[in-house]
Structure formats: C-alpha cells, structure tokens
Number of protein chains: 2
Amino acid sequence: MNAIARREKHKAELSRQILDAAREIFVRDGYESFSMRKLAQRVEYSPGSIYLHFKNKEELFESLVEESFDRLLKALNRLKNGHAQQDPVATLKKGLRAYIDFGLRNPNDYRFAFLLRRPLHRCPYKVHPAFDVMRYMVGRCVEEKRFPPVDVETASQALWAAIHGITSLLIQRPTFPWVARRQLIDQVINNAVDGLMVRTDQAEETRAGVHHVQLSRV
Amino acid sequence: MNAIARREKHKAELSRQILDAAREIFVRDGYESFSMRKLAQRVEYSPGSIYLHFKNKEELFESLVEESFDRLLKALNRLKNGHAQQDPVATLKKGLRAYIDFGLRNPNDYRFAFLLRRPLHRCPYKVHPAFDVMRYMVGRCVEEKRFPPVDVETASQALWAAIHGITSLLIQRPTFPWVARRQLIDQVINNAVDGLMVRTDQAEETRAGVHHVQLSRV
DNA sequence: TTGATAAATGAACATCGTTCAGTATAATGA
DNA sequence: TCATTATACTGAACGATGTTCATTTATCAA
C-alpha cells in the first residue's frame, strides 16, 4: 500500500510532464501542428500511453486552459489583497492594468484561457472566480462614492470588455501598427474608468443623440 | 474565345459555390470538423477538384476571411457616408455600435476576420481600410472640438479595443451570465467615448495615483 | 518464484490534406 | 463529321492524424 502511493505519485509526475511538454509544443509549433504523436515522442512514450493520463486531446487541452485560468486568478487575487486599503479607483486601475499585463506577459496562458476556439457545449467555469475580483473592485468604487451609482455588474462587464479587447488585439495582431503600448493601454484604461465616473446627466447629453442602428449585410 | 469566356464564368461560379459551401460547413460543424473531403462531397466533386480552385485549405480560408472583411468595411462605409453632416460624436457612437452589431449579426464573418488563429507570417491587410473609417470619425470629433486634442491614432485604437472586446466576448462566450445586451453595449460605448471627452486635467486627478504594476507568475 | 495487477506497447482503423498519373469531357480545326 | 488538342475531373496513393485495443512487459504481494 505504500507501493500504490508511490505508483500514484509517479503517475502524477508523468501527467505533469505530459502537460508541460504539451504546453511547450503548443507554444513552439502552434495549435495547427500540435499532435498527440509529437507529444508522445517528446515524452518518449508510445502514442497510446498518453491516453492512460488524458481521455483525449480535448481533455488534455482543457487541463491546460484550467491551469492558465488558475494562474490569472492567483495573480489577480495577489493584487487585490496587496492593495486592500488604498484608493479604490486607483486599485481598480491597477487591477485592470495587471490583467492586461498578465495577458501580455503570458500570452499563451491568455490564449488558452480566452482566445482558443472552443466547442460550444463546454462552459468556461473558471471565468467566474476571476471575474469576481473585478466585481469586488468596482463595488468598492461605488460604495465609497467614487463612482456614480452605476450597476456594478454592467460596469464590471463593460470594463472587462475593454481590457479583454486591448489584450487580445495586442496578442493576436502583433503586426498592426500600434502606437506605443504603454500609452495605448493607459488610454484604454483611463477611457473606460473615467467614462464610468462621468456624472450621469453630463453623459446623457451625448447619449440622447444615439439610437440603435442596424446594419444589414451587403 | 466566346467559349473560353463562358468557361471562365463557369469556373468562377464553381469557386463561388465552393466558398459558400465551405462557409456553411464551417459554420455548422465548426473549425475542428471542417474538412476538404466533406467540402468536396458537399459540392459533389472529388477531393482533388477543390485544388483546381484553391491552392490549399489555408488559401480557401484566407478567401473567406477576405470576404468577411469586405463586408464589414462596406457596412462601415455605408454608415460613414449616410451620416456625414450630423454631430460627429453621435456619428462616432453610431459607428461603434454599427461595428458591434455587424459582429453580432454576422458572427461568422467576425470570427473569420478577427478571431481565428492565424499563422503569424500572414498580415491582416484588410484591417487597415476598415480602421481608416474609425480614424476619420475620431478625427472629425477632434477637429470640431468635441474632443480635447487627443492623439487621433491612440484614441482610435483605444476605441477599437473596447468595441472589439465586447464583440468578441459576446460571440465567444455566449454562456457567460451577461447583463442585457443593449445595456451592456451602451455602457461600453459610452464609457469609451465619454472617457475620451473628459477634460485632461480632470482625468489627471485619478491618473496621478496609478503606476505601472507588474505581476509576475506564480 | 509465482500469480495478479497495472503500465506500456504497437498494430490497426478511419479520417485528414494533398498530389498526380491517368481518364473523360469539351472545344477546335479539317 | 472526325481527329486533335486543351481542359476538367477522377481515383488511387502517400504520409500523418486521433483513438482503440489485444498483447506484451514491468511491478509488486504472497
């Protein structure tokens, strides 16, 4: 029975090794040219052996995605706890910047977490805890009257849209002639947050002229 | 020579038919389970015949992407010309909304144009003309002093980030518990644009407290 | 050492993208 | 009309893919 524990440990180590190798191959060769057989060759096992650890390719990927979500979540929580007693707006902006930075510094984690095409039936469970951090930060801004009484959920989702937008574009379209990165990120964050702080009546002035326009196809 | 013209026309029709079938299969079955052989079967030709019209799978996809870009571009241009003499801020907001609407109403075009993983060496040529429309609209807002003298390029890119963010999230994460769509889209657009209209000194107040935070990995 | 349990293999299957020698089809010139 | 030529198309083939499974190999308790 000590033996079976040792076996399980060894098996876990092997799974770990497979995951690491898979991530590396994926990062180096891209999604298109990743294959189970390459992976097997890389860890020096037969192709069939991989299936002793993961049901199939899809599940293996799912494990990688989950890991990436965990990393993002941990990074955000560290930030949240580290700046608990500061100005909530400043903390929020720092959080948004941290999110973007995480994506840019770990583009493959971000790709796994958000950018990969995914079968529709799978739901992104791990999005929710990560998003809780955002809600919490926005909530504090409202509670401490730094924001007008906006709906926390709507505001959080809108902020997420903005930072996801810049993060994914910078990752996925590196050849676009972007302006300086820092400047652009600042602009996105400041636009989004400052736009939220605008007194409602003032914002209404421009909102009034806008109606829903529908564009049909060619 | 009349004959060769007829032949070419027939060939063009066939290419068209192949593209339509490809798009349909892709939309219905998803990227993973699209295959050249299925496509061939769909149009009732042998697999090899597809290669008389398209060099390979990659190029076939490229054609679909290009078509999608064209559709988006045309939609934006129609809008630009249709609202030439109105309030530039309202027109800008309409343009942003039109962009998002186009993406949501034609998610597959949007997927093809922006969301698909692409080999890194390929550059997104068609992004530029579409982006010109955005630059133009922002430029008008600055010229007519509706915006403070922000850098047009930076502002345009920031706005693009915001609307791409909400568009891609709504398309790619349909199971997330989003608030009402209209409301959320309004929030994103108003945040982004109103944030841009904030007088610089007022914005500085909050900007002052924010510095670049770097989050390392676990 | 033996017998049982788990791990690992490698051959096999269906499918994939792609190529190409060969065949059918259509257009042309007589 | 028939023979020639150019084009359209096929079908078999190649190597590679994800996945399964009967069989072999290794591991460990008795």
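Considering only residues that are of a type in the set (K, R) and under 23 Å from A:E58 (Cα atoms), look in region A:1-21 and name the one that is modelled with the lowest pLDDT.
That would be A:K11.
Which residues, taken from region A:24-58, are over 27 Å from the mean Cα position of the chain (by Cα), within 10 Å of DNA strand D (Cβ to nearest atom) and of a type outside the set (A, V, I, L, M, F, W, C)?
A:R37, A:K38, A:Q41, A:S46, A:P47, A:G48, A:S49, A:Y51
Of (1) of a type in the set (V, I, T); (2) under 14 Å from the mean Cα position of the chain (by Cα); (3) modelled with pLDDT of 95 or more, A:V152 satisfies all except one. Which?
(2)
Please count how many residues of region B:1-23 are among the basic types (K, R), more than 9 Å from DNA strand D (Cβ to nearest atom) and within 23 Å of B:E66 (Cα to Cα).
Residues in region B:1-23 being among the basic types (K, R), more than 9 Å from DNA strand D (Cβ to nearest atom) and within 23 Å of B:E66 (Cα to Cα): 3 in total.
Go through (1) away from DNA strand C (no atom under 16 Å from the Cβ); (2) crowded, with 18+ Cβ neighbours inside 10 Å; (3) more than 30 Å from A:K145 (Cα to Cα) for A:T91 and report which single condition fails.
So the condition that A:T91 fails would be (3).
So, A:E153, is that one free of Cβ contacts under 8 Å to residues at least 60 places away in the same chain, more than 7 Å from every other protein chain (Cβ to nearest Cβ) and surrounded by fewer than 24 Cβ atoms within 10 Å (Cβ to Cβ) or not?
In short, no.
Tell me, yes or no, whether region B:16-23 has at least one residue that is under 20 Å from the mean Cα position of the chain (by Cα), away from DNA strand C (no atom under 11 Å from the Cβ), without any contact (Cβ under 8 Å) to a residue 40 or more places away in the chain and within 30 Å of B:I166 (Cβ to Cβ).
Checked against the condition, which is being under 20 Å from the mean Cα position of the chain (by Cα), away from DNA strand C (no atom under 11 Å from the Cβ), without any contact (Cβ under 8 Å) to a residue 40 or more places away in the chain and within 30 Å of B:I166 (Cβ to Cβ), region B:16-23 yields at least one hit.
Being more than 7 Å from chain B (Cβ to nearest Cβ) and not hydroxyl-bearing (S, T, Y) is the filter here; which residues of region A:164-181 pass it?
A:L170, A:I171, A:Q172, A:P174, A:P177, A:A180, A:R181
Can you give me the number of residues within region A:36-81 that are within 14 Å of another protein chain (Cβ to nearest Cβ) and among the hydroxyl-bearing types (S, T, Y)?
Residues flagged as within 14 Å of another protein chain (Cβ to nearest Cβ) and among the hydroxyl-bearing types (S, T, Y) within region A:36-81 amount to 1.
Limited to region A:103-129, what total is found for residues that are modelled with pLDDT of 90 or more and surrounded by 20 or more Cβ atoms within 10 Å (Cβ to Cβ)?
Count: 1.
How many residues does region A:59-81 hold that are over 30 Å from A:P148 (Cα atoms) and away from DNA strand D (no atom under 12 Å from the Cβ)?
So the answer is 9.
If you take the residues of region B:82-112 that are within 7 Å of another protein chain (Cβ to nearest Cβ) and part of a loop (DSSP other than H, G, I, E, B), which of them is farthest from DNA strand D (Cβ to nearest atom)?
Out of the qualifying residues, it is B:D87.
Being within 16 Å of DNA strand C (Cβ to nearest atom) and in contact with a helix residue (DSSP H, G or I) (Cβ under 9 Å, 6 or more places away or on another chain), is that true of even one residue in region A:94-112?
No, that holds for no residue.
Here is a yes/no grid of residues against (1) modelled with pLDDT of 90 or more; (2) touching a Lys or Arg at 6+ places or on another chain (Cβ under 7 Å):
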| position | (1), (2) |
| --- | --- |
| B:F131 | no, no |
| B:Q157 | yes, no |
| B:H164 | yes, no |
| B:T167 | yes, no |
| B:P174 | no, no |
| B:N190 | yes, yes |
| B:T206 | no, no |
| B:V210 | no, yes |
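Just to be sure I understand, how many residues within region B:61-108 are within 11 Å of the chain's Cα centre (by Cα) and basic (K, R)?
Residues meeting the conditions: 1.
How many residues does region B:28-63 hold that are more than 10 Å from DNA strand C (Cβ to nearest atom), exposed (fewer than 14 other Cβ atoms within 10 Å of the Cβ) and in a helix (DSSP H, G or I)?
Total meeting the criteria: 1.
Answer with yes or no whether B:E66 is in a helix (DSSP H, G or I), under 29 Å from B:R97 (Cβ atoms) and out of contact with any helix residue (DSSP H, G or I) (no Cβ under 8 Å at 6 or more places or on another chain).
Answer is yes for this residue.
Pull up region A:125-142, narrow it to residues that are in a helix (DSSP H, G or I), touching a residue at least 12 places away in the same chain (Cβ under 8 Å) and not aliphatic (A, V, I, L, M), then point me to the one that is nearest to A:A98 (Cα to Cα).
The residue in question is A:F131.
The values are calculated or read from the model by the stated rules, or taken from the named source; none is laboratory data. It should be emphasised that the depicted structure is a prediction, and the values quoted were computed from it without experimental measurement. Note that each Cβ is placed from the backbone with ideal geometry, even for glycine, and that neighbours are counted across all protein chains shown.
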